[in-house]
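Here is the structure we will look at.
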C-alpha cells in the first residue's frame, strides 16, 4: 500500500516528532505537494524574523522539483529588499497568500518578478505560511499557472492546516520525550497516565484523542472539512497530541505541552498574549479558536479584554498599536526591555522599567516625537515628558540622542 495523499496525511506529517530540521520540512512539503503543487514543483523553508541578516532570516530553501531559477530569483528579491519589505513579506497577508498580493501588482506586470515569471512559465506564487507569535515559522510555496482564485472553503482548509504546521514546527524544534508528556492515552481515549498538569483538562484531552482518531479513520479521511474540524491544532490552548510507538509496535497518544511562545506586549495576561499576536497577524477569531483549541466565545472575550487594556476600539487599532508598541521584542532593545533590564555601564542600568517606561523608550528610539507618542498612548505630551524623565534617571542618560545611541532599534517616521 502506497503512502497516503489525503489532507489528513499533511497533519500527520506535521506531528512527526521523529524528524527535525530539514528532514521534517521535506517530509511535510512532500505531504503538501499533491494538494498545492501544480506540476511545477514547490519550495519550503524555515524563517525567523528575530534574526538580523537576510541570509539568517530565511534558512536554506528545500527545493521539491521547482526551477532553480525561481529559488535564486526569490532569494535575490528577499535579500535586496529593505528591512520593511522583508518584514512585510513574513508578517502580512495571513496564513495563505499570493506573491502578487505582497508585490501589490499582478506578477507578470511587476518589473522584478515579471521577467522571472515569464521565463519559467508561471503566473503567481501561492504561499502557505505557518507562523508563530515569537517570529518563527515556515513557508511552503508553489508556482501556479492558473490565475483563478480559490474558494472560501479551500482558503479556510489551508488556514487550518497552517495552524497544524505551526504547532508541529514548535514540537520538532523542542526535544520532547515520553517523560515530558502530560498524559498518555490509548487511541480510543482511555487514560493510561495523567499528570497534575493535565488533571483539569482530562475530559477535553480524552475527547480530543477520540476526535483525532476519528479524523484518521478511513471514513474520516473522506470528509476533509469534518476531519480538520475534529482534529484541532491545540487542546485548551496548551496541549498537542502526538503518536508514540512502543517497541512492540503498540501506539499510544501523548499530550505534550506546546503553547506558542508569545512575548509580553505590555503586561497582558498569559492567555491573552497569543491571541493578540494572532490578531496582529490577521487571523480571524474563528481561526484563532482553532489554533489554540479554545471556544470561539473565549477568543472574543479575550480580544475584548485586550482592547480594553490597550485602549483601542477596533481590530484595526489593535494591529496599529501592536506594530507601534509590541514590535520591540524583535530588536536588541526589545530583548533587553522584555527581560526587564537595560545593561549599561551606569550603576542604574539594572533598574527595571515600568510598562509605560518601556513603551516610551521603544518609541523614542524609533524616532517618534513626544507629541506623536502621546497620540499613540492617548495621553498628554506632558505625561510623556515625565515618563521619559524617569527613564533617563533609571538608565543614567541625559538626552534622547544618548538614549537612542545606547539602545539602537528600528526607526519609524515621526509623522
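The values are calculated or read from the model by the stated rules, or taken from the named source; none is laboratory data. Model, not experiment: these values are computed from the prediction. Neighbour counts run over all protein chains shown; Cβ positions are idealised from the backbone, glycine included.
Numbers below:
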quantity: Index of the failed condition, residue 84 passing every other in (1) free of Cβ contacts under 8 Å to residues at least 40 places away in the same chain; (2) in contact with a helix residue (DSSP H, G or I) (Cβ under 6 Å, 6 or more places away or on another chain); calculated: (2)
quantity: Filter result for residue 297 (outside the structural domain of residue 164 (by TED's automatic domain parsing) and at positive phi); calculated: no
quantity: Some residue of the stretch 250-262 being surrounded by fewer than 17 Cβ atoms within 10 Å (Cβ to Cβ) and in a loop (DSSP other than H, G, I, E, B); calculated: yes
quantity: Condition check for residue 93: under 25 Å from residue 224 (Cα atoms) and over 21 Å from the mean Cα position of the chain (by Cα); calculated: no
quantity: Residue among 199, 224 that alone is touching a residue at least 60 places away in the same chain (Cβ under 8 Å) and on the phi < 0 side of the Ramachandran plot; calculated: 224
quantity: Filtered residue count, the stretch 182-196, keeping only those that are touching a residue at least 40 places away in the same chain (Cβ under 8 Å), over 19 Å from residue 259 (Cβ atoms) and not in a strand (DSSP E or B); calculated: 2
quantity: Helices (runs of 4 or more DSSP H) wholly inside the stretch 3-57 containing at least 1 residues that are within 30 Å of residue 82 (Cβ to Cβ); calculated: 21-36, 54-57
quantity: Residues of the stretch 94-135 satisfying the condition of being more than 30 Å from residue 262 (Cβ to Cβ), assigned to a helix (DSSP H, G or I) and either in contact with a strand residue (DSSP E or B) (Cβ under 6 Å, 6 or more places away or on another chain) or in contact (Cβ under 8 Å) with a residue 40 or more places away in the chain (or both); calculated: 100, 107, 113, 116, 119, 120
quantity: Unique match (being over 27 Å from residue 171 (Cβ atoms) and buried (at least 18 other Cβ atoms within 10 Å of the Cβ)) among 88, 98, 150; calculated: 98
quantity: Test for residue 81: is it surrounded by 12 or more Cβ atoms within 10 Å (Cβ to Cβ), modelled with pLDDT under 85 and within 18 Å of residue 280 (Cβ to Cβ); calculated: no
quantity: Criterion (in a helix (DSSP H, G or I) and touching a helix residue (DSSP H, G or I) at 6+ places or on another chain (Cβ under 8 Å)) met by exactly one of 74, 90, 64; calculated: 90
quantity: Filter result for residue 106 (farther than 29 Å from residue 225 by Cα and at pLDDT below 90); calculated: yes
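To keep it simple, each residue is scored yes or no on (1) more than 23 Å from residue 256 (Cβ to Cβ); (2) surrounded by fewer than 18 Cβ atoms within 10 Å (Cβ to Cβ).
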{"position": "4", "(1), (2)": "yes, yes"}
{"position": "23", "(1), (2)": "no, yes"}
{"position": "38", "(1), (2)": "yes, yes"}
{"position": "46", "(1), (2)": "no, no"}
{"position": "75", "(1), (2)": "yes, yes"}
{"position": "92", "(1), (2)": "yes, yes"}
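Yes/no per residue for (1) part of a helix (DSSP H, G or I); (2) without any contact (Cβ under 8 Å) to a residue 24 or more places away in the chain; (3) in contact with a helix residue (DSSP H, G or I) (Cβ under 8 Å, 6 or more places away or on another chain):
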position: 276; (1), (2), (3): yes, no, yes
position: 304; (1), (2), (3): yes, yes, no
position: 307; (1), (2), (3): yes, yes, yes
position: 316; (1), (2), (3): yes, yes, no
